[in-house]
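Derivation of every value follows stated rules applied to the coordinates shown; laboratory data play no part. Computed from a predicted model, the values in this text were never measured in an experiment. All Cβ positions, even for glycine, are placed from backbone atoms using ideal geometry, and neighbour counts span all protein chains on display.
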Amino acid sequence: MAVNAMALPILPGKIEAWQQYNSQVNGPRRSEFEDMMQRHGYTRWLVWHQKTPQSDLMIVFQEGPVSGRESIGKSDHPFDMWLKEQVKDFTGLDLSQPPPGPAPDLVMQYPG
């Protein structure tokens with residue numbers, strides 16, 4: 001198992017779209033989200049909203065297989081396609097493509 005964290009800026013004017021997405025995955029689409037987590041091997045997925053003077057950020061913590069993001073990116077499952085469309089709409093990040101830069105570096109942990 002691997003852990004990953006990322007901070008994604010929410011595009012200007014897209015905070016409402018992001019909030020609607022969260023309402024969906026925490027509400028009527030929760031079982032589909034949980035199914036996706038199981039299909040891709042995730043054991044934990046946490047998301048925070050961080051407000052900064054520059055922008056709103058979506059902070060994501062994931063625990064699961066290293067291949068999890070790639071697996072979601074390549075998936076043509078209807079829920080996965082919907083999720084990728086939503087994320088691209090409010091962050092601009094296309095999860096079906098490789099990340100635009102290197103993975104984050106872990107610089108501190110406890111316990112170590």
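For residues that are of a type outside the set (Ser, Thr, Tyr) and exposed (fewer than 15 other Cβ atoms within 10 Å of the Cβ), scanning just segment 52-63, find the one that is nearest to residue 88 (Cα to Cα). Quick ask: steps written out before the conclusion?
Of the residues in segment 52-63, the ones of a type outside the set (Ser, Thr, Tyr) are 53-54, 56-63.
Narrowing the set further to residues that are exposed (fewer than 15 other Cβ atoms within 10 Å of the Cβ) leaves 53-54, 59, 61.
Numbers: 53: 23, 54: 20, 59: 15, 61: 18 Å.
Per the stated criteria, the residue is 59.
Condition first: in contact with a Phe, Trp or Tyr (Cβ under 9 Å, 6 or more places away or on another chain), surrounded by fewer than 18 Cβ atoms within 10 Å (Cβ to Cβ) and touching a residue at least 60 places away in the same chain (Cβ under 8 Å). Now tell me which residues in segment 64-85 satisfy that.
Matches in segment 64-85: 65 only.
Count, please, the residues in segment 50-64 that happen to be farther than 13 Å from residue 8 by Cα and either among the hydrophobic types (A, V, I, L, M, F, W, C) or in contact with a Ser or Thr (Cβ under 6 Å, 6 or more places away or on another chain) (or both).
Taking segment 50-64 and keeping what is farther than 13 Å from residue 8 by Cα, we get 53, 62-64.
Among the residues that remain, those that are also either among the hydrophobic types (A, V, I, L, M, F, W, C) or in contact with a Ser or Thr (Cβ under 6 Å, 6 or more places away or on another chain) (or both) are: 63-64.
Total satisfying the criteria: 2.
Of (1) small (Gly, Ala, Ser); (2) touching a Lys or Arg at 6+ places or on another chain (Cβ under 7 Å); (3) in contact (Cβ under 8 Å) with a residue 60 or more places away in the chain, residue 5 satisfies all except one. Which?
All conditions are met except number (2).
In segment 26-51, which residues are touching a strand residue (DSSP E or B) at 6+ places or on another chain (Cβ under 9 Å) and either β-branched (Val, Ile, Thr) or surrounded by 14 or more Cβ atoms within 10 Å (Cβ to Cβ) (or both)?
Correct list: 33, 37, 40, 41, 42, 43, 45, 47.
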